[in-house]
Amino acid sequence: MPDNTRGEMQGTPWSPRDLLRTILLASMAAGGVAACYLEASSTINLSTQLICLAIAIIFVAIAGAGSAALLADGLREIRVRRSEVTQQLTDAIAQRRVPAPAAPPGLDDRNLVSGVGMSKYHRPGCLLVAGKFVDTLDRSDHLHAGREPCDICHPDERMDG
Ligand SMILES: [Zn+2]
């Protein structure tokens, strides 16, 4: 279930508060840099200009910290949602008692699929690869590529019946 302490904005990993904080920090930093620019432009005193430059750099760092915090918030929320979706999918599959998606018997070591960037290999009918671009390889090829068997479709178990 969605975490209600986060934002109501569906489809984004950020709450309105996260976005508002980032916008405020960026606006403050932009204003600070502008003020530093105006102050440095109004004098020919080098040390004053250098002080303005240093303060402007601090403002830029503040804006950068705000952006980094926004990205960190997004990553954390995405991890939470991913684990929720994985759990829901696992529960749904368990409830349907799917006896490992269909594959022709006798082809246990062949016709196992995976795709670029995937860390697991699957039976061709696995829900986790439905609709994805996958390559069909032998088990040994998948293992050689550093992949592990899927925890949902168990491509290493024999299909009986
Ligand atoms: Zn699978």
Open item on the list: If I take every Cα pair under 8 Å that is 6 or more residues apart in region 16-96, average their sequence separation and divide by the length, what percent do I get for the relative contact order?
Closed with: 34
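Which three semi-axes in whole Å describe the equivalent ellipsoid of region 16-96, each the square root of 5 times a Cα gyration tensor eigenvalue, listed largest first? Numbers along the way, then the final one.
On the way: eigenvalues 448, 20, 5 Å².
After diagonalising the Cα gyration tensor, the semi-axes are 47, 10, 5 Å.
Rank the residues Val80, Val85, Val134 as a footprinting-exposure proxy: fewest other Cβ atoms within 10 Å of their Cβ go first.
Details: Val80 14, Val85 10, Val134 18.
Ranked by crowding around the Cβ, least crowded first: Val85, Val80, Val134.
Here, each number is a calculation from the coordinates, and none is a lab measurement. These figures come from a predicted structure and were not determined experimentally. Methodologically, a virtual Cβ is constructed for each residue, glycine included, from the backbone with ideal geometry; neighbour enumeration extends over all protein chains shown.
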